[in-house]
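Student: Here it is, the structure in full.
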Amino acid sequence: MNEINNILYITGAGVSEESGIPTFRGKDGFWKIGSKNYTPQEMATRRMYKENPEQFLSWYYKRFAAYRNHGPNKVHHWLANKNLITQNIDGLDGKAGNQNYIAIHGRLDQMTLFHTQGDNVATQQAPWDSVDETSLTESLLEVFKISLSTRKPMKSQSFKPYVLLFDEYYTELYRISEAQQRMIDADKIIFMGTSFSVNITQMALEIAVTQNKPIEVVDPYPVRIPYENTTYHRMKASEYIERAD
């Protein structure tokens, strides 16, 4: 049998769990804990950012930016020279040295001007270390250039965290065309630490099925896929890479 050279890895929150970052749907996951008045599914929306940016930014800071100084684990380092699309916004693959991975849902360490979806905008470093936690809400509004009088973001003036929200869609800002092409070009797709609950994994699965590509699922509790050409590895990604080497 010919050796498979072009392998695409698609990773989810399970890969970063060993770096001390909660998964999304675990006991203490990001989508289990909301704010005082809103669920995470209500918080992580463009609508919330537009209508109540102080609630949105405070929640985002506490649930995501609090982990900004965590470091990559051995799985991230193993993936550093691999063809990689990650659903994670933690930026740990970049810290591990992967220079060309696609962060399909954005990156915690970056932000953009607030813009209409689909507009061509650049990313820039998010100034999380400038935030004063003693007056968190006011400081976040100031850092993200949101008027303290109107308390509403303004397009092309205010900033927004570089993150794809529930009520947003994939655009070229998130390198969606390149991601799709990587899926099409891959000889095999390996999913690691993902629950298959977001659109990007369904997109990859559909391409694999259509083109009859082999896939592998690496997860201690893998989601069963209705596709025969699937191999399951009931283990953590850290265990898998030890066997793969």
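Student: Among the listed pairs 62/236; 62/82; 50/160; 74/160; 95/188, give every one whose C-alpha distance is greater than 21 Å. Could you put the intermediate results ahead of the total?
Tutor: Working: 62/236 27 Å; 62/82 31 Å; 50/160 10 Å; 74/160 31 Å; 95/188 26 Å.
Check vs 21 Å cut-off fails for 62/236; 62/82; 74/160; 95/188.
Student: Please report, to one decimal in angstroms, the Kirkwood hydrodynamic radius of the chain built from all distinct Cα-Cα pairs.
Tutor: It works out to 18.9 Å.
Student: Additional query: Can you give the % of DSSP beta bridges in the chain that are antiparallel, to the nearest 5?
Tutor: 25
Student: Ok, one more. For the range 180-235, compute Rg over Rh where Rg is the Cα radius of gyration and Rh is the Kirkwood radius from the inverse mean 1/r over Cα pairs. Present the calculation step by step, with values, prior to reporting the outcome.
Tutor: On the way: Rg = 10.4 Å, Rh = 11.3 Å.
Dividing the radius of gyration by the Kirkwood radius yields 0.92.
Student: Amide H neighbours of residue 110 under 5 Å, at least 5 residues apart or on other chains, H built in the peptide plane: list them.
Tutor: Counting only residues 5 or more places away or on other chains, the set is 126, 162.
Student: Which order do peptides 59-68, 76-85 fall in by mean Cβ count within 10 Å, highest first? Intermediate values should be presented prior to the final figure.
Tutor: Details: 59-68: 17.6, 76-85: 19.8.
Ranking, from highest mean packing down: 76-85, 59-68.
Student: Which of 127, 226, 214 ends up with the largest GNM mean-square fluctuation for the chain, with Cα atoms connected below 10 Å?
Tutor: 226
Student: Given a Förster distance of 41 Å, report the FRET efficiency between residue 18 and residue 129 from their Cβ-Cβ distance, rounded to the nearest 0.05. Don't skip to the end; give the middle numbers.
Tutor: Values: r = 25 Å, r/R0 = 0.61.
Taking R0 as 41 Å, the efficiency between residue 18 and residue 129 is 0.95.
Student: On the Cα set of the range 102-147, report Rg and Dmax in Å, please.
Tutor: Cα only, the range 102-147: 12.3, 36 Å (Rg, Dmax).
Student: To continue, here is another question. About the Cα centre of the chain, how large is the charge dipole given +1 on each Lys and Arg Cβ and -1 on each Asp and Glu Cβ? Please answer in debye to the nearest 20. Before the final figure, lay out each step's value.
Tutor: Numbers: 27 positive and 29 negative charges, 97 e Å.
Dipole of the chain, to the nearest 20 debye: 460 debye.
Student: What does the C-alpha gyration tensor say about the overall shape of the range 54-165? Classify as rounded when a/c is under 1.5, otherwise prolate if a/b is larger than b/c, or oblate.
Tutor: Values: a/c = 2.91, a/b = 1.64, b/c = 1.77.
Cα axes put the range 54-165 in the oblate bin.
Since every read-out is calculated from the coordinates, none of them should be taken as a lab result. Just so it is clear, the structure is predicted and the values come from calculations on it, not from any experiment. When we count neighbours, we look across all protein chains shown, and the Cβ atoms used for this are built from the backbone with ideal geometry, even at glycine.
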